[in-house]
Amino acid sequence: MVEAEYTEKRANLPTFKAGDTVNVHVKIREGNKERIQQFQGTVIQRKNPNTNGETFTVRKVSNGIGVERIFPVLSPNLDKIEVIRRGVVRRARLYYLKGKAGKAARIKEAK
């Protein structure tokens with residue numbers, strides 16, 4: 001029963017990989033209120049694919065400061081994931097983007 005709930009949630013996910021730009025809608029609880037916050041950035045890695053512990057890391061630059069967030073794929077706090085653009089990269093882990101800024105941190109878009 002529990003596994004069925006997880007496989008259903010995994011089936012609703014879009015396919016994305018490292019290098020893609022995604023918009024993650026996260027549920028935020030403040031007191032007794034709940035709202036949706038968006039976090040848009042580049043996926044720099046996916047860990048433990050196709051397991052219940054799968055996570056992905058999204059990086060964005062906000063006011064000149066790099067911000068990374070790690071999201072569990074099966075988290076109940078994830079509302080939805082939208083793929084904004086597909087990137088062409090030759091790595092599964094894009095840690096080299098941490099040392100780059102501006103145009104040097106660009107990723108080519110898939111045609």
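The values are calculated or read from the model by the stated rules, or taken from the named source; none is laboratory data. Just so it is clear, the model here is predicted, and its values are computed rather than measured. Every residue, glycine as well, gets a Cβ built from its backbone with ideal geometry; the counts of neighbours run over all protein chains shown. All accessible areas refer to the heavy atoms of the entire protein, side chains included, with ligands and DNA or RNA removed. Shrake-Rupley method; radii C 1.70, N 1.55, O 1.52, S 1.80 Å.
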Report task. Being within 16 Å of residue 14 (Cβ to Cβ), open to solvent by 40 Å² or more (accessible area, probe 1.4 Å) and not acidic (Asp, Glu) is the filter; apply it to the stretch 73-85 and report the residue that is modelled with the lowest pLDDT. Result -> 80
Report task. Please find, within the stretch 35-55, the residue that is least open to solvent (accessible area, probe 1.4 Å) out of those that are farther than 20 Å from residue 68 by Cβ and modelled with pLDDT under 95. Result -> 51
Query raised in the report: Going by the structure shown, is residue 110 in contact with a strand residue (DSSP E or B) (Cβ under 8 Å, 6 or more places away or on another chain) and touching a residue at least 40 places away in the same chain (Cβ under 8 Å)?
Result: no
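Does residue 47 satisfy the condition of being closer than 26 Å to residue 7 by Cβ, in contact with a Lys or Arg (Cβ under 8 Å, 6 or more places away or on another chain) and among the basic types (Lys, Arg)?
Details: closer than 26 Å to residue 7 by Cβ: yes; in contact with a Lys or Arg (Cβ under 8 Å, 6 or more places away or on another chain): no; among the basic types (Lys, Arg): yes.
For residue 47, the condition - closer than 26 Å to residue 7 by Cβ, in contact with a Lys or Arg (Cβ under 8 Å, 6 or more places away or on another chain) and among the basic types (Lys, Arg) - is not met.
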Query raised in the report: Going through the stretch 91-107 one residue at a time, which ones are farther than 14 Å from residue 68 by Cα, within 16 Å of the chain's Cα centre (by Cα) and open to solvent by less than 60 Å² (accessible area, probe 1.4 Å)?
Result: 107
Requested in this report: Could you tell me which numbered condition residue 27 fails, if it satisfies all but one of (1) of a type outside the set (Asp, Glu); (2) in contact with a Leu (Cβ under 8 Å, 6 or more places away or on another chain); (3) closer than 30 Å to residue 91 by Cα?
Outcome: (3)
**Report entry** Unique match (being out of contact with any helix residue (DSSP H, G or I) (no Cβ under 7 Å at 6 or more places or on another chain) and surrounded by 14 or more Cβ atoms within 10 Å (Cβ to Cβ)) among 88, 67, 24
**Finding:** 24
